[in-house]
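Throughout, read-outs are computed from the coordinates displayed, never taken from laboratory work. Everything numeric here is computed off the predicted structure, so don't read it as measured data. Glycine gets a Cβ as well: all are built from the backbone with ideal geometry, and neighbour counts include every protein chain shown.
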Amino acid sequence: MNTWAFRTKLMLWSALTTGFTLLIFGVVAAFTLYSEQLEDVDRHLAANAKEFVAHAVDKLPSSSPISSATTMSRISASCSSPTTGSWAANRRSSPTDS
């Protein structure tokens, strides 16, 4: 029967513990980075949509029944905080996502 020396056992346990710790740290760091980047993209898209609609409203003819003030207030309400607004809630709870 082959028994391992204490130094060998200690070395293996240290290597396993260090590897496990690095693995957990890497998974948490990757998830955090992914979440932050996703929120940044959401904010960027919401800002682009707000800017796009603002330019579209500016191009409306003056006889249009849609007033620019009403439209801009609706845009501000729906796009001001994409991570907490109804847009984000609808996107996250969409039944079509798989």
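Things worth noting here:
- Highest average first, the peptides 46-52, 34-40 ordered by how many other beta carbon atoms sit within 10 Å of their residues are 46-52, 34-40.
- In this simple spin-label model, placing a label point 7 Å from the Cα along the Cα-to-Cβ direction at both Thr3 and Thr21 gives a separation of 2.9 nm.
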